[in-house]
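All of the numbers you see were taken from the coordinates with simple rules; none came from a lab. Here the structure is a predicted model, which means the values were calculated and not measured. Backbone-built Cβ (ideal geometry, glycine too); neighbour counts: all protein chains shown.
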Amino acid sequence: MKYILEMLEKNKTLSKLYIQHNNLGEEGAQQMVAALKIHPQMKYLDISANQIGSTGFLYFMELFKSNDPL
């Protein structure tokens, strides 16, 4: 997770991100959403099989509402 967040900080031009099967969990989901908010150009995000739970899903719903193309 740490490496994904660092990569997001450094690379501001990403438009696709595949992070399936990383066991994000709810805390990781919250951190990932915070990092993705600075990437309005993001158009595709694969977070499948990450066991984020319903609370983690709510974090991502907030992101999807604020980023139309995603």
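Using the number of other C-beta atoms within 10 angstrom as an exposure proxy, rank His39, His21 with the fewest first.
Placing the least packed residue first, the sequence is His21, His39.
Once mean projected area of the Cα convex hull in nm² is worked out from the coordinates, which option in (1) 5.5; (2) 3.9; (3) 6.2 does it equal?
Of the labelled values, this structure produces (2).
Under 5 Å between amide H atoms, partner at least 5 residues away or on a different chain: which partners does Leu45 have, H built in plane at 1.01 Å?
Here Leu17 satisfy the definition.
What 222 nm value per residue comes from the helices of the chain, counting each DSSP H run with n ≥ 4 as -39,500 (n - 2.57) and dividing by all residues, nearest 500 deg cm²/dmol?
Mean residue ellipticity, 222 nm, calculated: -15500 deg cm²/dmol.
Once you charge only the Cβ atoms, +1 for Lys and Arg and -1 for Asp and Glu, what is the size of the charge dipole of segment 25-70 about its Cα centre, to the nearest 20 debye?
140
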